[in-house]
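Please treat every number below as a calculation from the coordinates, not as lab data. Everything numeric here is computed off the predicted structure, so don't read it as measured data. Counting neighbours? That spans all protein chains shown, and the Cβs are built from the backbone with ideal geometry, glycine included.
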Amino acid sequence: MKPILVSGLARNMLYPISILWKNMRVSYLAISEKRCTVQISGCNFKCRGCFSNEKGECGMEITGSQLAKYIPADKEIMLAGGEPTLDRQEMLSTISELKNKPGKRKIIISTNGSRLDKDLLEELEGITVHIDLKAYGPELHRWYTGKDNKNVLSAIRLLYEQDFDFQVSTVFIPDIIETPEIGDIARFLSEIGDIRYKIMRYVPVGDFSRRPYVWEIEDAVNTAHKYLGNVTSSMENRSHPKNRKTIATF
Ligand code: SF4
């Protein structure tokens, strides 16, 4: 971690800002045809169905410049985890370094949305956001993640109001997050606008739940389509492509 002085544009005013340069803790990098995923460690949720090794502290601190050396210039970059927004200054430092590298890379943040607020979104202008909404019902969300979903719901409204390129996704988990819940989420989203919505098929880990049947996912997609124009599922559009390879571990 090294402190430096940065001059820059912030909220449309030119003035010097002093920031503490901080590094994210990264566990590994995975590459696919069009994307490099940076797996960041640590998460503030405790999702009962989580299979990510990155929810705990692992990996090592690494700068955006060091990361950029591993990432081919033609790949978009996804910051995932774990939860990349846990320490906003670390994340902003990393993004700033990645943006300064050659090539016009698309940068995507995959987030649980709990830490996105107006100030952070102002700093994230131009970044694509993939936000998870685990459940609409507050009780169910609290039971599943250990946290309230109020901030996640407001983050989705803000992303829309601030005209971000973003999508919302929900994991279909048999007996827990099923079509009626997904219908509630789609209705909530449609009250904001015609938001892109993706339904993910749960990947079983242990005996928490089973893999959803194809007809269950199709049913959920059809239900969400009653409210929204752009609904996809991980069956036709995989988030983790088959040819994804780990290129570095830390
Ligand atoms: S938000 Fe993601 S990484 Fe964190 S506990 Fe939930 S599923 Fe795991």
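List of remarks:
- Only one entry in I77, I95, I109 is assigned to a strand (DSSP E or B), out of contact with any Phe, Trp or Tyr (no Cβ under 9 Å at 6 or more places or on another chain) and either among the acidic types (D, E) or more than 16 Å from the ligand (Cβ to nearest atom) (or both), namely I77.
- Inspection of the stretch 214-229 identifies no residue that is in a strand (DSSP E or B) and within 22 Å of the chain's Cα centre (by Cα).
- Selection status of I71, among the hydrophobic types (A, V, I, L, M, F, W, C), within 17 Å of the chain's Cα centre (by Cα), away from the ligand (no atom under 16 Å from the Cβ) and closer than 13 Å to V38 by Cα: no
- L153 passes every criterion in (1) part of a helix (DSSP H, G or I); (2) more than 16 Å from the ligand (Cβ to nearest atom) apart from (2).
- Restricting the stretch 129-150 to residues that are crowded, with 17+ Cβ neighbours inside 10 Å and either of a type in the set (S, T, N, Q) or more than 14 Å from the ligand (Cβ to nearest atom) (or both), the residue that is farthest from the chain's Cα centre (by Cα): Y136
Okay, residues lined up against (1) touching a residue at least 24 places away in the same chain (Cβ under 8 Å); (2) assigned to a loop (DSSP other than H, G, I, E, B):
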residue	(1), (2)
G113	yes, yes
D119	no, no
K134	yes, yes
L140	yes, no
K147	yes, yes
R157	yes, no
V168	yes, no
V171	yes, no
F208	yes, yes
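- Filter result (polar (S, T, N, Q), out of contact with any helix residue (DSSP H, G or I) (no Cβ under 7 Å at 6 or more places or on another chain) and under 24 Å from Y144 (Cβ atoms)) within the stretch 41-95: N44, S52, N53
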